[in-house]
Structures are given as C-alpha cells and as structure tokens.
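Novice: Please read through the structure below; I'll follow up with questions.
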C-alpha cells in the first residue's frame, strides 16, 4: 500500500468512521437524556394532579384543563385520564373526546406507579400510570401520556446533523491528508532518488533542498552530511590508491632494472650477489610498505574499546621504546596524571603511540630527551609526544597526517601519521601537530574524548 493511500485511510477515513460512531452513540445518550427529562416532567405533573383530583364539588377532575396557561401548553402538554375501579373514564384532558386508538384502560390492581413506553403503531407515547384513592377510599387510576414524537424528531435532527458534520469533517480530512500525503511523498521521493544516485556512485549532487522542520528534513540533512563524508572518503581513497600505486611502482621498477642489468650479460658471482642484495632491499621496502598499507586499512575498520588505565598503558609502551632510544643516544621522559581511566582499544592506540615515538626518535638529536605526557583535558585525556628536532613547519601541520606525505627524505613510508590520525578518528578523538611552548622541536598531541 502506498504512503498516500495509507495516510488517507488512517488520517481521513478511519477518523471519520470513528467520529460517526461516536456521534451515533452520543445520539443514543441524547435520546436517553430527553426521555429522562420527559419522565421527570410526567412524575412532577402526576404528583401535582394526584393531590388535587378530588377537591372539586363536581367530582374528580384534572386541573390541567382549568389552567390559565392552557392555550400556551396545549401543543406539548401530556394528555391526562382518570379511570374508576370499573375502568370507566371519569375525567380527561384535553377536553376533546377520548381517542379511539388510546391504550386500553389500565388495571386498578398493580404497582402504585409505573412508567411505560407504549407503541400505538403510528406514534409512540411515554405513559405514567399512578394508583390513587379519594377520601372515601375509592380507588382510581391516573394515566398521563406524553408523545415521544418530539423526542424522536430531536434525535433524528441530531443524527442528520451528526451525519453531515462527519461527512464534512471526513471530506476536509481527506483533502488535507491528500495534500499532506502528496507533499510527503514528493519529499521522500527526493530522498529516494538521492540514495539511488549514491548507489550508482554519484556523490557530487546533494539531496534536494527541504524547507520543512520535521524528521524528514532532519533525515535530509543527515543524508547530505553523509554524502559529503562519502565523497571525501572516496577522494581520500582514490588519492591513497594513486599514491600507493606510485609508491609500489618505484621499488618494482628498481628491482626490474637491477635484474635486467644482471641478466643482460654474463656476470661474476660478486656482481650477481650485489644485484640480488639490491633487489632484496627493494623487496624489504615493498614489505614495509604493504604492512603499512594493511595498518591503514585495519585502522579504518574500527574495533571494540574497553575501560583501562591510560597511565599504566603509556608507561608500558615507553618501556618497549627505551631500548631503541638508548641505541640512538636519546632518553624518554614520561609524566602522567593518575588515575587515568578511559575507554580505548589498547592494540590500536599502542600502534599510534609507537608511530609517534618512532617519528620522534628519527628526528631527535643525540643527547636530547623525548617527552611523553598524559594530562586530563576537559572530560577526556591528552597524550603529547615532544622531541627537540627540527620541528614541523606550520604550513605542513595538517598535511603530515595525509597518506604518503614525507616531511623528510630519510625514509619511512609516509603512512605513520596517517595511521595515527585514523586510529584517533575511530576513538572519536583527533591527532594534531602543535608548536611547543618553548624551544625547538615538534609536538604531536592525541586527544581522546
């Protein structure tokens, strides 16, 4: 079922049907209230008549016939009848002859007071029957009859009005739901078309603008932001693949050149050994590059995190790096706040920290210290690695985190800081190159949220 049809059914047809049912039930309650009011009127008139039936000199009589307001109340006043013990009509109102289709005279025996609905075929009446007696003890039956035609007409008018109200409301709801459904369908169709373009690989077109202020507009904003991120990720991926192809081509070209030269003419064992040694060096270079590329891919896949002590983690990581530092004539200083509880992935974060320390060892002058610190920063933590080397030029502080960026020609794959940046992104944090507070050198900080 289409969205527009579903909205029309649930937003127009179903409410209209429910409204009609409620109005019909209200009509029944209205009828009950009118009949109850009529019963109270009959009881009040019966009470008034019963105490004055026998106060006249000419015998029993009904006072309604003598009322000065007779002409005003005649259209709706109940008919009154008084029967003696033999069922003979001895008094009645209105003064006209007793209708032939009136109910039979009530029995003198029975309950003291009764309220009945009598169906006379072409009309219905609400009847009060009361047993009374005069001062001499003779028994009589007083019957007051009120037509229910006015009640039926009022209820009929209510039902007709309710039907027209329900019909008008249903048409109005149907029109509104149709307009709303069409607009909503157009908005969702625009999002669906955009997702289809994304599926085909078109990330250059943003979703159609949506001026609404509801969840569909929020969804459009999320899709627009996601499309932008996908476009950037594809650009990064394309650039990474191009750079990787370039980086892989260089050692392969050198290997092929070396082997071609070795095979071109007869070579001595020493010359062949030298050619194979050069080729082996390029194979090692390819292996390091392939390993770094795998690390980049692994860093981008995400992983589970767990609660841990960052201070203890950092101390352990630096213990593993001190041997390499001593070989270069450099020492490592660690300063960490405690306790330092945080959620992180120890394996990935260790790789990021190791990459920072390896970079620092590459550039740190002999006889200097590499300072590693851990400090609370707002609700998170900051790990800083600082060396006393030549530093990072301000123009390159963002570029150093791009894949295959090399700020120094002395080696490296150019992927170390790219891996660091990706690890921090997966942790919901960031990696930044800053200017040290004093003295020469470089400082890279990792901020964990």
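Novice: Residue 9 versus residue 276, label points 7 Å from Cα toward the beta carbon: distance in nm?
Specialist: Computed distance between label sites residue 9 and residue 276 equals 7.9 nm.
Novice: Something else about it: Hey, what D do you get for segment 306-448 in µm²/s if you plug the Kirkwood alpha-carbon radius into Stokes-Einstein at 25 °C and 0.890 mPa s?
Specialist: Details: Rh = 15.2 Å.
It diffuses with D of about 161 µm²/s by this estimate.
Novice: Let's test this: bin the Cα-Cα distances of the chain at 10 Å from zero up to the farthest pair and state each bin's percent.
Specialist: 4, 13, 13, 10, 8, 7, 6, 6, 6, 7, 7, 6, 4, 2, 1, 0, 0
Novice: Helix 346-363 versus the longest principal axis of the chain: what angle, 0 to 90°, nearest 10, using Cα atoms?
Specialist: 40
Novice: With everything on Cα atoms, drop me the angle between helix 269-299 and the longest principal axis of the chain, reported from 0 to 90° to the nearest 10.
Specialist: Computed tilt is about 20 degrees.
Novice: Would any residue of segment 162-201 have its amide N under 15 Å from a label point 7 Å out along Cα→Cβ of residue 26? List them or say none.
Specialist: Under 15 Å, as judged by backbone N against the label point of residue 26, lie 162-170 of segment 162-201.
Novice: Place a point 7 Å from Cα of residue 221 in the direction of its Cβ. Which residues in segment 180-210 have their backbone N less than 12 Å from it?
Specialist: 210
Novice: Which FRET efficiency value, to the nearest 0.05, is calculated for residue 37 and residue 180 with the Förster distance at 35 angstrom and r the Cβ-Cβ distance?
Specialist: Details: r = 44 Å, r/R0 = 1.25.
Rounded to the nearest 0.05, the efficiency is 0.20.
Novice: Also: Note down the nm distance, to one decimal, between modelled labels 7 Å out along Cα→Cβ at residue 304 and at residue 267.
Specialist: 5.2
Novice: Specify the angular offset, from 0 to 90 degrees and rounded to the nearest 10, of the alpha carbon long axis of helix 416-426 from the longest principal axis of the alpha carbons in the chain.
Specialist: 10
Novice: Starting from 0.36 nm per residue, how many nanometres of slack lie between residue 399 and residue 149 once their C-alpha separation is accounted for? Let's see the in-between values first.
Specialist: Values: separation 250, 0.36 × 250 = 90.00 nm, distance 9.32 nm.
The span from residue 399 to residue 149 would gain 80.7 nm if fully extended.
Novice: Calculated FRET efficiency, residue 120 and residue 209, Cβ-Cβ r, R0 56 Å, to nearest 0.05? Please report the intermediate quantities before stating the final value.
Specialist: On the way: r = 73 Å, r/R0 = 1.29.
After rounding to 0.05, the efficiency reads 0.20.
Each value in this text was obtained by applying a stated rule to the coordinates, not by laboratory testing. In this text, all values refer to a predicted model and were calculated from it rather than measured experimentally. Neighbour counts run over all protein chains shown; Cβ positions are idealised from the backbone, glycine included.
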